[in-house]
Structures are given as C-alpha cells and as structure tokens.
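The values are calculated or read from the model by the stated rules, or taken from the named source; none is laboratory data. The model shown is predicted, which means the values in this text are computed figures rather than measured ones. Counting neighbours? That spans all protein chains shown, and the Cβs are built from the backbone with ideal geometry, glycine included. Heads up: the accessible areas ignore ligands, DNA and RNA and are worked out on the full protein's heavy atoms, side chains in. Shrake-Rupley method; radii C 1.70, N 1.55, O 1.52, S 1.80 Å.
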Amino acid sequence: MSDDHTHVQEFFTARAADWDRRFPDDGPAYAAAVAELGLREGDRVLDAGCGTGRALPSLRTAVGPSGVVLGADLTPAMLREAARAGRNRDGALLLTDVAALPLRSSSLDAVFAAGLIAHLPDPAGNLREIARVVRPGGVLALFHPIGRAALAARQGRTVTPDDLRAEPNLRALLTRSGWRMTSYVDEDARFLALAVHEG
C-alpha cells in the first residue's frame with residue numbers, strides 16, 4: 001500500500017465514527033446530485049469512495065430493485081459505519097481501491113464520486129480506471145456538497161488557479177482520462193461536474 005493510501009485510510013479512519021454527525025444536512029444535496037446522473041430502472045452504478053454510503057439510498061431509489069448499486073471505499077472503518085447505518089441494504093459494499101476496481105470492463109452505466117477527486121494519488125490514471133468499468137456513453141458525477149470556495153474557507157485556505165477542480169483543469173484532466181465534461185457547477189451550496197465516457 002502506498003503512502004497516499006495509508007494517509008487516506010488514517011485520515012478517514014479517525015473521522016469515520018462521527019462523519020455523518022459532522023455533516024447532517026448533506027442528504028438533499030446528495031439526492032439532487034444523484035438525480036442529475038439520469039439513472040434509469042435497472043442501471044448499474046458505483047459510488048466510488050462511498051465513505052459511509054450517504055449516496056447509496058438515492059442511488060438505489062434511482063435504479064430500483066432490478067438495478068445494481070455498489071459502494072467502494074478504501075477505508076474499512078467508513079464501510080463499517082455505512083453498514084451500521086443500514087446502507088448496505090441499498091448497495092453492496094466493497095473494500096477496494098478505485099485505482100484497481102474488481103469489476104469487468106464496461107460493466108457499469110454510471111459512477112458517482114463524492115469528494116473523491118482530492119484524494120486520488122494519480123487523478124488521471126484513477127479516472128482512466130473508472131472509465132474502464134463504465135460502458136461507452138456512461139456517466140460520471142464528481143460531486144461535493146459544498147463548492148470549492150466554501151470548502152477552502154472551511155479548511156482555512158484559499159482557492160488557487162491550480163486547483164484540480166477548477167473548471168479548465170478538471171475539463172483537461174477528464175479529457176485525458178477518457179471522459180467529456182458535459183456540465184460544471186461550482187456554487188457555495190454544491191460542486192458537481194458531469195462527464196460522459198467517450199469509450
């Protein structure tokens with residue numbers, strides 16, 4: 001396991017038990033972002049870096065009982081909290097790294113990723129791996145329940161032009177990784193970039 005993975009696991013393990021209590025009002029933002037994926041009954045979707053699984057209920061509602069919902073995370077403590085909250089009833093939980101997903105190529109219709117991009121050790125390579133498991137024309141949602149400026153303020157920093165999630169930087173990164181950005185929203189209340197797998 002790389003130092004990046006160890007750091008991510010340590011960061012989230014320390015926060016897993018009270019993660020949902022720290023952000024109790026995010027549910028509607030997650031549901032709205034999932035709605036923008038345009039999922040249909042029977043679709044197959046992955047929540048990449050699912051954490052405590054806050055998106056899983058909305059994803060299950062979107063794809064219905066015949067759909068497939070997976071939640072993948074690198075941190076066992078976050079998946080334990082997801083199960084403790086009962087979210088494993090909405091989707092299967094996988095302890096795995098998004099850099100090496102244990103899924104067949106082109107096996108998914110969509111991927112939802114909340115807060116994931118900032119924790120990827122190799123963003124371009126990792127987004128290529130996510131593209132591998134999504135069918136051509138499938139959709140990726142990169143989401144955060146608050147925008148870049150609000151998040152930076154919360155963390156005591158300022159947004160800089162080299163921020164990975166700045167629109168021109170993210171568009172270029174997605175293009176290099178097999179995705180075409182179709183929409184970009186960065187408001188105080190949310191960050192949401194949608195992209196289509198070019199295949």
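Against the conditions (1) over 22 Å from Leu103 (Cα atoms); (2) at pLDDT 95 or above, Ala16 satisfies every one except (2).
Scan the stretch 36-89 for residues that are within 23 Å of Asn126 (Cα to Cα), basic (Lys, Arg) and surrounded by fewer than 23 Cβ atoms within 10 Å (Cβ to Cβ) and the total you get is 1.
With the requirement that a residue be touching a residue at least 40 places away in the same chain (Cβ under 8 Å) and either part of a helix (DSSP H, G or I) or open to solvent by 10 Å² or more (accessible area, probe 1.4 Å) (or both), what does the stretch 112-124 give you? If the condition is that a residue be touching a residue at least 40 places away in the same chain (Cβ under 8 Å) and either part of a helix (DSSP H, G or I) or open to solvent by 10 Å² or more (accessible area, probe 1.4 Å) (or both), then Ala114, Gly115, Leu116, Ile117, Ala118, His119, Pro121, Pro123, Ala124 are the ones that fit.
Residues in the stretch 147-199 that are in contact with a Lys or Arg (Cβ under 9 Å, 6 or more places away or on another chain) and among the acidic types (Asp, Glu): Asp163, Asp186, Glu198.
Residues checked against (1) in contact with a Gly (Cβ under 8 Å, 6 or more places away or on another chain); (2) over 30 Å from Gly42 (Cβ atoms); (3) surrounded by 16 or more Cβ atoms within 10 Å (Cβ to Cβ):
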site	(1), (2), (3)
Glu129	no, no, yes
Val134	no, no, yes
Ile146	no, yes, yes
Ala150	no, yes, yes
Leu164	no, yes, no
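The C-beta contact set for the stretch 32-60 (first residue touching a residue at least 40 places away in the same chain (Cβ under 8 Å), second residue surrounded by fewer than 19 Cβ atoms within 10 Å (Cβ to Cβ) and not polar (S, T, N, Q), distance under 6 angstrom, 6+ apart or interchain) comprises Arg44/Val68.
Under 14 Å from the mean Cα position of the chain (by Cα) and either farther than 29 Å from Ser105 by Cα or among the hydroxyl-bearing types (Ser, Thr, Tyr) (or both): does that describe Pro123? I'd like the intermediate steps shown before the answer.
On the way: under 14 Å from the mean Cα position of the chain (by Cα): yes; either farther than 29 Å from Ser105 by Cα or among the hydroxyl-bearing types (Ser, Thr, Tyr) (or both): no.
So Pro123 fails the test.
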